[in-house]
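The structure appears below as structure tokens.
The values are calculated or read from the model by the stated rules, or taken from the named source; none is laboratory data. Predicted model, so just to flag it, every value in this text is computed and none were measured. Ideal geometry is used to build each Cβ from the backbone, glycine not excepted, and the neighbour counts take in all protein chains shown.
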């Protein structure tokens, strides 16, 4: 009943990048160190965040990554849906269930999942960055 | 964003056992064959369902398993909480997050998860067994 590490790392990365002052770029090394995320995994996450339009990269010796859109335009539910490989709470095809298609359990779980995303639909990345104490802790190391 | 196979198999097992006529016992072999669940994993699931008070076992050559309580007393949310090893949508301790404790993301995910379980709280096992077409398909093989 957990999000994948891939989604978790995407959320942490966006929170870090979004917490920095507007003129400050983040680096893979900073984020990797900050959250103890293995560098190889983080690079895959950052690449996907770039391809999906959440991050942009500035190349060069003073380069780094920053948000590609304002934090209040990054929706948490949408991000999770982009990153989770499987969204359905159970996989009726593996192993194959003889009552898939007409199963009340599946319908109940789908309703529950809709309620889950309905809550997150109301959160943007900007909402996640509203706790000054927490956000200051994020930024300290990068200064 | 999926339930574990362990929880999935527990739900399938209870649906099968609950779908049988009241005087008919289920066997591990039947359930394993019906849902293509590996026998060893299924035995662990059935043992836990027994220890948790959902199933009871009758020993002997005509023995088998049956519900330990009526289907309308088995709550789907409670069962999932019993079976999921980790309930929190992300694990802030692995890797260790510097803003755990004061993080808005965690609070948002906890609210979303509460909404997920609030929906399932209204379902009992009996509710999952109300689709005659699906349930007949479950029982056919056992007759």
Residues being farther than 24 Å from residue B:126 by Cβ and surrounded by fewer than 17 Cβ atoms within 10 Å (Cβ to Cβ): count how many of those fall in region B:48-94.
12
Just checking, does region A:107-126 include any residue being more than 18 Å from the chain's Cα centre (by Cα), surrounded by fewer than 12 Cβ atoms within 10 Å (Cβ to Cβ) and without any contact (Cβ under 8 Å) to a residue 40 or more places away in the chain?
no
Filtered residues of region B:119-141 (kept if more than 15 Å from residue A:102 (Cα to Cα) and within 7 Å of chain A (Cβ to nearest Cβ))
B:119, B:120, B:123
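Condition first: outside any helix (DSSP H, G or I) and at pLDDT below 95. Can you find one or more residues in region A:105-114 that meet it?
To start, the set of residues in region A:105-114 that are outside any helix (DSSP H, G or I) comprises none.
There is no residue in region A:105-114 that is outside any helix (DSSP H, G or I) and at pLDDT below 95.
I want to confirm something. Restricting to region B:58-84 and keeping residues that are in contact with a strand residue (DSSP E or B) (Cβ under 8 Å, 6 or more places away or on another chain), in a loop (DSSP other than H, G, I, E, B) and more than 14 Å from every other protein chain (Cβ to nearest Cβ), which single residue is modelled with the highest pLDDT? I'd like the intermediate steps shown before the answer.
Here is the first cut: in region B:58-84, the residues in contact with a strand residue (DSSP E or B) (Cβ under 8 Å, 6 or more places away or on another chain) are B:58, B:63-68, B:71-76.
Next, from what is left, pick out any that are in a loop (DSSP other than H, G, I, E, B): B:63, B:68, B:74.
Applying the additional criterion that residues be more than 14 Å from every other protein chain (Cβ to nearest Cβ) yields B:63, B:68.
Details: B:63: 90, B:68: 97.
Here the residue is B:68.
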From the list A:3, A:11, which one is facing another protein chain (nearest Cβ under 9 Å), in contact (Cβ under 8 Å) with a residue 60 or more places away in the chain, crowded, with 16+ Cβ neighbours inside 10 Å and within 30 Å of residue B:38 (Cβ to Cβ)?
A:3
Which condition number in (1) within 14 Å of residue B:95 (Cβ to Cβ); (2) within 16 Å of the chain's Cα centre (by Cα); (3) in a helix (DSSP H, G or I) is the one that residue A:33 fails?
(2)
